[in-house]
Every structure is written in structure tokens, then in C-alpha cells.
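Student: Questions regarding the structure given below will be posed in turn.
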Amino acid sequence: MLKSRERSVSETNGAPVISIIGAGMHVTGDLRADGTIRIEGTVHGSVQAGKAVVIGKDGVVEGDITTADAIVSGEVRGTLVAESRLEIQATARIEGDVRARRMQLEEGALLNGSIEMGSVERSEAPQESLASSS
């Protein structure tokens, strides 16, 4: 019995964690996580997640978002970068630029900003240095 308990604890140590900003919660500052961040409240600051960012219908982010996958049902005011996939649901409101490899945009969503699709990289520093040396 003790062995199975030890095994289940050690197996979960390497698993990505889901961090939740609950409804009614207000966070000021930058968020960074290796796993998934779910936002049902309000965040004033940048959000970086290694796996995914999920913004619920009442969730609000006033800042830039960088992640592999994103699902937006709420409001974003800032640049949103999804390296793999972005899903913008019908209740979403985005005021800012969007960069994603793939995107699904549901009817009824509001998106005011430029859209760039295709290959997306997290860091733009190498591109900027190439442009300045030319």
C-alpha cells in the first residue's frame, strides 16, 4: 500500500500545474507558469505560460500574453502570441495585435488589431538584431 502511494506522488511531480485566477480576483503584476494559467478574474500585467492560457467569459487581461496554446472567451487588451494554436470564442473581445501559427475565430468575437499567422517565435531579439545590422 505504501509503495503505490509513493509511486503516485512521484508521478505527479513532473506534471504541469494548472494555475487559476478565480472570478472576483484582481492581480497586478506579471504572471509566469510552466503549465496552464486559467483566468476568470482580472490581470493587470503580462501573462506567460509554457502550455496554455485560458481566459474565461468574465476574465480580463490588460497586458501581453505569450503561450503555446490560448483559448479566449473574455477580454484581452494587449499583444497575444500563441506559438501553436489560438481559439477566439464568440464572447471574446481582443484589443491588440495577435500572432499565432493557427487560429480559430468564432462568429461574434471582436478583434481589433493586426493578425499575423504562420511561424511564431517567443523571442524577437534575433530578428531585431538582424534588421539593425543590415
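No value in this document is a laboratory result; all are computed from the given coordinates. All figures in this text were calculated on a predicted structure; none of them were measured in a lab.
Student: If you average the alpha carbon positions of region 15-55 and of region 84-115, how far apart do those two centres end up, in angstrom?
Tutor: 18 Å
Student: Give, in nm to one decimal, the length gained when the segment between Met117 and Arg32 is fully stretched (0.36 nm per residue of separation minus the Cα-Cα distance).
Tutor: Full-extension gain reported as 28.2 nm.
Student: For region 16-133, count all C-alpha to C-alpha pairs, find those more than 17 Å apart, and express that count as a whole percent of the total.
Tutor: 51 percent
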